[in-house]
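Participant: Just passing along the structure, written as structure tokens.
No lab work stands behind these numbers, since they all come straight from the coordinates. This one's a predicted model, so the numbers in the text were calculated from it and none came from an experiment. Note that each Cβ is placed from the backbone with ideal geometry, even for glycine, and that neighbours are counted across all protein chains shown.
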Amino acid sequence: MMMDHQAGRSYVKGMAGGIEAYKAGDTTVREEIFENMIGYVELLRSHIAKENNVLFRMADNCLSDEENKELLAEFALAEQKHNGNKTLADYVSRIENLSVIYEI
């Protein structure tokens, strides 16, 4: 799981570097940006599957019902704190705006 996090940082670094180069006028990096994006998406899908099918099941077996309820309440608070009242539509709009900016 830790290797997934290292790989994820590498993909993000590759995307960020490619975008900076693209913004500076190097249009040849579009393929590199795209490859890093695809790699990151595949990594996230795999990582989330591991969490859902292994890690969270292990946690469920270790936590009491009361501890699970407390944990869910804490997750809800953290989500509200960090996301505010944003909806799925808000995030889709952000992605659409970025696609226009970066001509993707």
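Participant: Give me the percent of Cα-Cα pairs in the chain that sit more than 15 Å apart, rounded to a whole number. Working shown, then result.
Facilitator: Working: 4025 of 5356 pairs.
Across the chain, Cα pairs with separations above 15 Å total 75 percent.
Participant: What list of ³J(HN,Hα) couplings, whole Hz, do you get for segment 88-102 from phi and the Karplus terms 6.51, -1.76, 1.60, once you set θ to phi - 60° and write x for glycine and proline?
Facilitator: In residue order, the calculated couplings are 4, 4, 4, 6, 4, 4, 4, 4, 4, 5, 5, 5, 6, 4, 9 Hz.
Participant: May I pose another question? Could I have the simple spin-label model distance between S10 and N97, label points 7 Å from Cα toward Cβ, reported in nm to one decimal?
Facilitator: Placing both labels 7 Å along Cα→Cβ, they lie 3.3 nm apart.
Participant: Subtract the Cα-Cα distance of V54 and A73 from 0.36 nm times their separation in residues, and report this length gain in nm to one decimal. Before the final figure, lay out the partial values.
Facilitator: Numbers: separation 19, 0.36 × 19 = 6.84 nm, distance 2.19 nm.
Contour length minus the Cα-Cα distance gives 4.6 nm.
Participant: So, one more: If N is the number of residues in segment 12-51, what value comes out of its Cα radius of gyration divided by 2.2 N^0.38 Å?
Facilitator: Numbers: Rg = 12.1 Å, N = 40, 2.2 N^0.38 = 8.9 Å.
In units of the 2.2 N^0.38 Å rule of thumb, it is 1.35.
Participant: What does the charge count around F34 come to, taking other residues whose C-beta lies under 13 Å from its C-beta (Lys +1, Arg +1, Asp -1, Glu -1)? It would help to have the intermediate numbers written out before the result.
Facilitator: Values: positive: R30; negative: E31, E32, E35, E42, E103.
Residues close to F34 contribute a combined charge of -4.
Participant: How about K23: which lysines have a C-alpha closer than 30 Å to its C-alpha, ignoring those fewer than 8 places off in the same chain?
Facilitator: K13, K86
Participant: Now for a separate question. For the chain, find the longest principal axis of its Cα atoms and tell me its angle to the long axis of helix 65-83, 0 to 90°, nearest 10.
Facilitator: The answer is roughly 30 degrees.
Participant: Quick one: dipole size for the chain, taken about the Cα centre, charges +1 on Lys/Arg Cβ and -1 on Asp/Glu Cβ, in debye to the nearest 20.
Facilitator: Values: 11 positive and 18 negative charges, 41 e Å.
Rounded to the nearest 20 debye, it is 200 debye.
Participant: Projecting each Cα onto the charge dipole of the chain (Lys/Arg +1, Asp/Glu -1 at the beta carbon, about the Cα centre), which of I33, A78, F56 comes out farthest on the positive side?
Facilitator: Farthest towards the positive pole: I33.
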